[in-house]
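Some notes on the structure that comes next.
The values are calculated or read from the model by the stated rules, or taken from the named source; none is laboratory data. Model, not experiment: these values are computed from the prediction. All Cβ positions, even for glycine, are placed from backbone atoms using ideal geometry, and neighbour counts span all protein chains on display. Accessible surface is based on the protein model in full, side chains and every heavy atom, while ligands, DNA and RNA are left aside. Shrake-Rupley method; radii C 1.70, N 1.55, O 1.52, S 1.80 Å.
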Amino acid sequence: MKEIIYVQAGNISNHVGTHFWNTQQSYFTYSEDKEVLVDHDVSFREGVSPRGESTYCPRLLQFDRKENFGSLSSATGLYAQEDQDEQPSFLWDGTVDEIRHERIPDIAYQNQLDEEVEEDPAEAPPDPKESVVVPPLGASDVRYWSDYNRVYYLPRSMHKLPDLADWEAEEGDWHGGKETFLRYNMDNALMDDSFRRFVEECDTFQGLQLCTDNASFGSFVDSLLTAFRDEYPKQPTLMFAVLSDATPENLDTEDIRGLRKALNDALCLRGLNELSTMSVPLQSPRNWLPGPWTAELTTDLRSAYDTSAILSAHVETATLPLRSKGRESLYGFCHQLNVYGNTPFAELSGAFPASSLDALDSRIYRFTIDRPERKGGVGLWRRNVTRGWTELARRQLDDFGADTAMSATCATHSLQEYPLPSSYPSFFRAQHLSSGPHYTPRGLLVRPRSVPMISTLESGWALPRLLAQCADLVGHCVRRKINWEMVGIDEDEARELREDLWTLRDNFGESSYDDGKGLGEDEND
């Protein structure tokens, strides 16, 4: 087998990751009659808990501030150690005043998980008038990403970084993030212990799939990837990088907080060019706007629980070929999108739900840069993944792809729709997708839910524009002679960053540019 190790860093990324792993858990089947869609061994490792129980846990390193873990702890679950907080009595023979924070309680959803039962086809459906209906999980119920988690993690998967003081700025601190990684790695032997143990458990380690919040963990993960490359220079990595909410084209040089975040994004993009085989920049969900793409949803775009569910559905679907039976290799997957060998960036887009080409153009949302229409430019490569589309719809999509302004296209079609576990938001306008579970004599019955959808990764017209926007911003800051100490880098570093970003933009070739106005190296310092 060929295993992938996953990395999640930051609050948004852990929301996305929690939905992702809940989906993976939903693929497990205990009936020989059901078709297995994915190869679980790619993402999960089999083991035994301290109590002798068989376990199947994600190959995952997850990083976040301690306060964001909520009730999730290594002291609970399959790997809980009894009396782990007891201290040897010989350390101190005097009086001890013990002060502990109260444990964060689980929400009702977590307490109901053990009551869930699978639907029995032989039984009649519960009578809505007689059986108690449990309200589905909603955005207002969720406090932390752990509130709707459905899988068990190994203790070495969970890495809780110390909470920041009120006066410390977490977002956009490039050098602070790097120092945090070096200190954490030294104190906890992260790469030599937790990470190495995951690698040693693999038969054939493929590489990494990562999701990170650039604003809070971009430079932390940059340092992690640097340490990884020192030992594994040729192993492929696939990165989904959530950008900050600071958009380069709309920033004022007086907005120091926004500049810190935007320049941090630019530094992260340059670093990913050197360290990651393929990277997919994603605009912050805080910047999403409603439109035709949300026509079938009642989602709250201010809720991390809701927005991360949409983003996770597209990330999970776009990478489905890496885990499917007869799967693709991570190396081939990444290099297929990097047409020229020097453009290791791709864009993510898609429609959810969607089952055909009908009004598809208006319902596709572009998660890298939200531009409804392409204005000029030819893409380099596109790969579509559909879920639950009919054969006719799939043929129409293939024919449509052959006519678009794209140098090459390929498609993966899965007959199985995207599964919606009970942890997934009930934000669909279709009533059968948003109804709550029923209490039955056997337990809590949650009816299976799934939706058709399409996700796309492409190397094309929006990425040069994003890189040019970042380069333009850095150049503007140099010309305005801003207070570089306030944004965390010096002027010489900024000049070098600007040139590197223009080089990255030029690597895509002129045919992939759109007609964005005001983008260019036409001003002198």
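Loop-located chymotrypsin sites (Phe, Trp or Tyr not before Pro) in region 153-240 (DSSP state not H, G, I, E or B) with no more than 15 neighbouring Cβ atoms inside 10 Å: TRP167. Only protein heavy atoms count here; on that basis, with a 1.4 Å probe, ILE454 has an accessible area of about 10 Å². Backbone phi angles across region 389-394, fed through the Karplus curve with coefficients 6.51, -1.76 and 1.60 (θ = phi - 60°), yield HN-Hα couplings of 8, 6, 4, 5, 5, 5 Hz in residue order; Gly and Pro are listed as x. Basic side chains Lys and Arg get +1 at the Cβ, acidic Asp and Glu get -1 at the Cβ, and with that the dipole of region 247-309 about its Cα centre reaches some 180 debye.
Quotient of the Cα radius of gyration of the chain and 2.2 N^0.38 Å, N being its number of residues: 1.00. Pairs of Lys residues in the chain are counted when their Cα atoms are under 24 angstrom apart and they lie 8 or more places apart or on different chains; the count is 15. Over region 207-314, the Kirkwood radius and the radius of gyration, each from Cα atoms, give a ratio Rg/Rh of 1.02. Rounded to the nearest 20, the size of the Cβ-charge dipole of the chain about its Cα centre is 1220 debye, with Lys and Arg at +1 and Asp and Glu at -1.
By DSSP, the beta bridges lying fully in the chain are antiparallel in about 45 percent of cases. Each stretch of four or more DSSP H residues adds -39500 (n - 2.57); spread over every residue of the chain, this sum gives -9500 deg cm²/dmol at 222 nm.
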